[in-house]
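*Asks:* Below is a structure I'd like to ask you about.
The values are calculated or read from the model by the stated rules, or taken from the named source; none is laboratory data. Every value quoted in this text rests on a predicted model; they were computed, and no experiment measured them. A quick note on method: Cβ atoms are made from the backbone with ideal geometry, for glycine too, and the neighbour counts reach across all protein chains shown.
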Amino acid sequence: MLIRIPKRSDERESAVTDPEIYRQRRVFMQQCAAGMAGLAGGLLVGGQVQAGLIIGTPRSSPYSTDEELTPMHAATHYNNFYELGYKKEDPSRNAAALITEPWTVEVEGYCENPGTYAVEDLVPMDQLEERIYRLRCVEAWSMVIPWVGVPLATALKKLRPTSQARYVAFQTILDPENLPGQRRDVLDWPYVEGLRIDEAMHPLTLLTVGMYGQVLPNQNGAPIRIIVPWKYGFKSIKSIVRIRFVEGQPPTAWNQATPHEYGFYSNVNPEVNHPRWSQRRERRIGEFRKRQTLMFNGYAEEVAHLYSGMDLHKYF
Amino acid sequence: MHTPTAAGWVKPALFLLCLVPAIDLAHGAWTNTLGVNPLETLTRSTGTWTLRFLLLTLLITPLIRVMRTPALLRYRRMLGLFAFFYASIHLGTYLWFDKFFDWQEIWLDIQDRLFITAGVTAFLLLVPLALTSTRRAQRALGNAWNRLHRLIYVATTAGLLHYFWLVKADYLEPIIYASIFAALMLARIRKPSTVSVSRVS
């Protein structure tokens, strides 16, 4: 896990913080106004997520947009994270139910370095970048969020996928005893997602451990998730415990639930009608008027070539 | 309990009670406490209250039978009109905040999206009921009034379908509302001596 140094000392945190790792990673941490309870991610005090822990000063990126940021409170209190409840305000309320320590990621399938990895084995903390991305939910709302992470490609290259690895499959934690949303079969748990290997290796795809300069709050998919900014939000799987390199297109959770509504690709596309939401416009959270939705969420220049020759109405 | 004197203040009190959700929403909108997506909160909440008031309206008939208090009937029209009131705000939030009165897009929406088709249908079915809710219309229509107002069963069914079809995965709440509706309908069918309630009055 990421390291945080509470200013107001706390036994448990100081006990787990390894000063050597701290030094190595040059991660400058600060403590913000909260107790120890939820240090693993969201800090819960009276049901409210307190300001989290500062990750330091990650490098800025040319991939960042200069659009106005969505307030952090909005991005952390309006979440689709069904494991923590099915309503937008549930994940922040139930954030403490996600236990992020200890946390390991199983790496399997067609790669040279399978095994069990800690978060910091996959995410080199001295290479953290801030990426300010548009986030477009399939429900026709959007946000602008400064994520902190490293390109997923950085991590995947270390795992050395073989030529048979044509897709990467991801899996979210399965913990029905603690996660209230997993007690009912609203989705076929655990949540699974997948990317084609070239999508996974694309420099925009971010292996994410923080947002707004802070450790990811639990309701935003702590401790490790991906962000794929040109796809609808549900592709950006949260709280990853398994990465598997596979040959065939892996199953994905929402596609399994409602195949005619959610395709494997789920690229943001204003031209492809969704049975529930017209995808032509979106409401940027905090705005009154709706905006036009952009092809590939405005990342067409970077990613359109991945799909050249494909019928995007068929492969939606 | 339901003596004429009691009814004198019960009705205005009930009226204010029925307004509480609207006042609460207006207050929330004014103080900006409707959450991260306040326009969505407005739409969701008024939709839910429409359904609740429809079910409350449908509750009156079985309640009269069970409690043998025909006086309850005097509150039915108000509950029905509140259902229409919340339905109107609900539709209004969609037309304005969601579509910004882009009629072409609204028409496409009605054609493309079944849950919108069902929702608009439910609203349109409520319109004649609201229009003929006056005592005068009741008298003028006679027996036809009773038949006309059975449309509330169809409108509620359409409203429930609207709810089912808009939900992504968690069907618990629509199932609860549908079960209550089913129970209220069963309560009507069971009694062989089904008498049209309005004749009780």
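*Asks:* Give B:Thr31, B:Thr41 a once-over and let me know the one that is farther than 22 Å from B:Ala130 by Cβ and exposed (fewer than 13 other Cβ atoms within 10 Å of the Cβ).
*Replies:* Testing whether each residue is farther than 22 Å from B:Ala130 by Cβ and exposed (fewer than 13 other Cβ atoms within 10 Å of the Cβ) leaves just B:Thr31.
*Asks:* Quickly run through segment A:287-314 and pick out the residues that are within 11 Å of chain B (Cβ to nearest Cβ), surrounded by fewer than 19 Cβ atoms within 10 Å (Cβ to Cβ) and among the basic types (Lys, Arg).
*Replies:* Across segment A:287-314, the qualifying residue is only A:Arg289.
*Asks:* Considering A:Asn220, A:Asn273, which residue is within 14 Å of another protein chain (Cβ to nearest Cβ) and free of Cβ contacts under 8 Å to residues at least 12 places away in the same chain?
*Replies:* Selected residue: A:Asn273, the only one of A:Asn220, A:Asn273 that is within 14 Å of another protein chain (Cβ to nearest Cβ) and free of Cβ contacts under 8 Å to residues at least 12 places away in the same chain.
*Asks:* Residue by residue through segment A:238-249, note down the ones that are surrounded by fewer than 20 Cβ atoms within 10 Å (Cβ to Cβ) and either in contact with a His (Cβ under 9 Å, 6 or more places away or on another chain) or outside any strand (DSSP E or B) (or both).
*Replies:* Once the filter is applied, which keeps residues that are surrounded by fewer than 20 Cβ atoms within 10 Å (Cβ to Cβ) and either in contact with a His (Cβ under 9 Å, 6 or more places away or on another chain) or outside any strand (DSSP E or B) (or both), segment A:238-249 yields A:Glu247, A:Gly248, A:Gln249.
*Asks:* From the set of residues in segment A:265-286 that are modelled with pLDDT of 90 or more, part of a loop (DSSP other than H, G, I, E, B) and not β-branched (Val, Ile, Thr), which is surrounded by the fewest Cβ atoms within 10 Å (Cβ to Cβ)?
*Replies:* That would be A:Glu271.
*Asks:* Hey, B:Gln111 hits all of (1) within 29 Å of A:Glu83 (Cα to Cα); (2) exposed (fewer than 15 other Cβ atoms within 10 Å of the Cβ); (3) within 13 Å of chain A (Cβ to nearest Cβ) but one; which does it fall short on?
*Replies:* Only one criterion is unmet by B:Gln111, namely (1).
*Asks:* Kindly indicate which of B:Tyr94, B:Tyr75, B:Tyr86 is within 14 Å of another protein chain (Cβ to nearest Cβ) and either within 8 Å of the chain's Cα centre (by Cα) or touching a residue at least 40 places away in the same chain (Cβ under 8 Å) (or both).
*Replies:* Residue meeting the stated conditions: B:Tyr94.
*Asks:* Okay, next question. Every residue in segment A:176-211 that is among the charged types (D, E, K, R) and either part of a helix (DSSP H, G or I) or closer than 23 Å to A:Phe245 by Cα (or both), please.
*Replies:* Hits for segment A:176-211 are A:Arg183, A:Asp188, A:Glu193, A:Arg196, A:Asp198, A:Glu199.
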